[in-house]
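The values are calculated or read from the model by the stated rules, or taken from the named source; none is laboratory data. This structure is a prediction, so every number in the text was calculated from the model and none was measured. Reconstructed Cβ throughout: ideal geometry from the backbone, glycine too, with neighbour counts over all protein chains shown. We work out accessible area using only protein heavy atoms, side chains counted, and drop any ligands, DNA or RNA first. Shrake-Rupley method; radii C 1.70, N 1.55, O 1.52, S 1.80 Å.
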Amino acid sequence: MLKSTQIWKNEIQFRRLVAAGFINGIGDWLSNVAVLGLILMLTGSGIAVGITLALRVLPYLLFGPLAGILADRFSKKNILVITDLVRIFLALSFLFVKSPDHIWIVYLSTFLLVSLTAIYTPARSALIPSLVKPDNLLAVNSIDQSMAGSVMVIGAVLGGVITAGGGAEAAFWLNALSFLFSALLTLNIQVPVSEKRAVQTKIKRQMSETYAIVRSSSFVKVMIILSALWPIGGGAVNVLLSVYSFDIFHAGNQGVGILYASLGLGFILGGGLTPYLSRWILPAAAVGFVVEGIAHLLVSQSPNLTFASLFLLIATVGASVGNASTNTLVMHTIDRNLHGRMFGLFSTLRNSILGATMFLSGLLLEVMSPRFLGLIAGLLIAVIAAVFGFFLVKSKPATQHRSSASHLL
């Protein structure tokens, strides 16, 4: 396999896709930081913040399955461009929020923005195999993980700096511009002719095909189980980061920034490591998630912020390796005409259960300590990953590209 730097140079169309995702991802982070700050400034209400966070999860439950069907039925490139263009206007709608009476605009725009993101994400994932050589899939998925980490680090830092210096309005304008530039970059992506043709099958038939592959494929069943069970621990981890910083390490917002920077750096390092594991992609997928769980367990028991940041970085390296490996297995194993529906299904399960678990974790923190909840979350992730690894190997997914149009497995 070519080194990641060589693949980055050679895979021009994928490079444009990554650049588009990087730009609109940074814009999203700027807007997220600004929106939460605006809500607290206008209302001072934790409930309003909670509603906004819940509205960032609900669309995946409602639109995730539809997103997969759209990605397999219509041009994936067109879906990306259209969702970017519509999000420009939604990003600017926050500029009209001037008083607590306008908070409904925040709720509505947040819901619609995330709904379009829920449609955008499966189409983007399903487009990748059409843009790159089959042998390069693991490397480009690794690059994608590194990109996600870079967005997290840079976006969180810039979000704080820009909102502090230019106010929330500056962040909203920049977010709108990010969607515009993302759409322009995506327009320049050259998609193979075969991929430009919509899959003209009725929705009922698409649902039937989806059910058939779920029923017949052991690998898909394993991926569904992972998508449904991992968020049980992952949701708790998401809630605990701020709690660790404020209540355990007494580091305030600065500590939150350090922990999120560790998360982002872990994705970057994990993305760089994964291509070297191409010969062991099956164990890498399982071991990566086991490492994540054990590291989160250690985060919960860390004596100070420094150790917590280190273990959090290790956890995210493991998650990055696991994500890149499983995404690559999906792309190699499942018929390309089903990629949109599969990624949509996995995304729906993962984000819906993640939201429910985050809500439940908030309730559990009223009756148990953050360290104990973090310990349970880490153990759950590690145990789920070990069981996942066993059944993953047993399902014998393809590790080499298959060009046939059969449903595979």
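Checked against the criterion of being open to solvent by 30 Å² or more (accessible area, probe 1.4 Å), of a type outside the set (A, V, I, L, M) and over 30 Å from L273 (Cα atoms), region 116-129 has no qualifying residue. Scanning region 16-75 for residues that are of a type in the set (S, T, N, Q), surrounded by fewer than 18 Cβ atoms within 10 Å (Cβ to Cβ) and assigned to a helix (DSSP H, G or I) yields a count of 1. Quick one: is S130 touching a Lys or Arg at 6+ places or on another chain (Cβ under 8 Å), part of a helix (DSSP H, G or I) and of a type in the set (S, T, Y)? Judged against the criteria, S130 is a match. Candidates L108, L90: the one that is without any contact (Cβ under 8 Å) to a residue 40 or more places away in the chain, more than 18 Å from the chain's Cα centre (by Cα) and crowded, with 19+ Cβ neighbours inside 10 Å is L90. The set of residues in region 358-386 that are more than 22 Å from the chain's Cα centre (by Cα), open to solvent by 70 Å² or more (accessible area, probe 1.4 Å) and at pLDDT below 90 comprises L363, E366, V367. The residues of region 165-194 that are at pLDDT 85 or above and hydroxyl-bearing (S, T, Y), listed by number, are S178, S182, T186. Checked against (1) buried (at least 19 other Cβ atoms within 10 Å of the Cβ); (2) modelled with pLDDT under 85, N238 passes all but a single condition, namely (1).
Of all residue pairs spaced 6 or more apart or on separate chains, those with beta-carbon atoms under 9 Å, a first member in region 19-48 that is without any contact (Cβ under 8 Å) to a residue 24 or more places away in the chain and a second member that is open to solvent by less than 10 Å² (accessible area, probe 1.4 Å) are L36/T52; L40/A48; S45/I39.
Specify the residue that is farthest from L298 (Cα to Cα); the eligible residues are those in region 360-394 that are outside any helix (DSSP H, G or I) and of a type outside the set (V, I, T). Taking the candidates together, the pick is E366. Only a single criterion out of (1) touching a helix residue (DSSP H, G or I) at 6+ places or on another chain (Cβ under 9 Å); (2) assigned to a helix (DSSP H, G or I); (3) surrounded by fewer than 17 Cβ atoms within 10 Å (Cβ to Cβ) is not satisfied by L80, namely (3).
Close contacts from region 145-163, counting a first residue that is modelled with pLDDT under 75 and a second that is basic (K, R) and open to solvent by 30 Å² or more (accessible area, probe 1.4 Å), with Cβ to Cβ under 7 Å and a gap of 6+ residues or different chains, come to none at all.
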